[in-house]
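I have placed the structure first, in the form of structure tokens, so that the comments after it can refer back to it.
The values are calculated or read from the model by the stated rules, or taken from the named source; none is laboratory data. All of these numbers come straight from a predicted model, not from anything done at the bench. With ideal geometry, Cβ positions are generated from the backbone for all residues, glycine too; neighbour counts draw on all protein chains shown.
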Amino acid sequence: MALRLTLAGLLLAFATICEAAGEPATVTQERIKAAFLYKFAGYVEWPASAFADATSPIVIGVAGSRPVAEGLEQAVAGKRLGERALRVRRLASGERRCDGCHILFVARDVDRDRAAELLAAAHGKPQLTVTDGEGEHPPGSIIHFVVAEDRVRFDISREEESQQGLRLASPLLSVARNVKGKAP
């Protein structure tokens, strides 16, 4: 319930700020996605092997969507999750893997072949894979952003979560639009 209120408050605050600034809905949606990516980190349990040591940073890789990357960089600046700093790594257009990342966001503006390669490279690794776009939840993606009724929502694949060796906290699952598959 606390997460639901936190996320709802976050969305309302972002929408209000962006509307006041006269930003178009698509820019507002990109900023909301950035806020979600930042918040997701607090609701994921990674295996110890995902980090070099207890103070290694949580790295969020972003493929595509400059507005999401910029919003995320602002959101995580100076922030920590326990002992871990949060860092953003923008993937260059030619990169086909995201080694060293703990969260991988593949935006809708990334071409299909590259998106598929990034998700395939993350398969079986302890990376929270997050995608964005219209249509079906792509293979290899744990969380998939959708826009429904002009609101940013997300779906979760429990099968992909299990294959990546991660555990998502139940408060995150409770605010998802759809949760597909069985618990790991």
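Could you list, in sequence order, all residues of the stretch 92-113 that are closer than 25 Å to residue 46 by Cα and not in a loop (DSSP other than H, G, I, E, B)?
Selection gives 103, 104, 105, 106.
Give the residue, chosen from 151, 112, 158, that is at pLDDT 95 or above, surrounded by fewer than 21 Cβ atoms within 10 Å (Cβ to Cβ) and among the basic types (Lys, Arg).
Of the residues listed, the single one that is at pLDDT 95 or above, surrounded by fewer than 21 Cβ atoms within 10 Å (Cβ to Cβ) and among the basic types (Lys, Arg) is 158.
What do you reckon, is residue 55 farther than 18 Å from residue 149 by Cα, modelled with pLDDT of 50 or more, of a type in the set (Val, Ile, Thr) and assigned to a loop (DSSP other than H, G, I, E, B)?
Working: farther than 18 Å from residue 149 by Cα: yes; modelled with pLDDT of 50 or more: yes; of a type in the set (Val, Ile, Thr): yes; assigned to a loop (DSSP other than H, G, I, E, B): yes.
Yes, satisfied.
Across the stretch 142-170, what is the total count of residues that are of a type outside the set (Asp, Glu) and either touching a residue at least 40 places away in the same chain (Cβ under 8 Å) or more than 18 Å from residue 41 (Cα to Cα) (or both)?
Residues meeting the conditions: 15.
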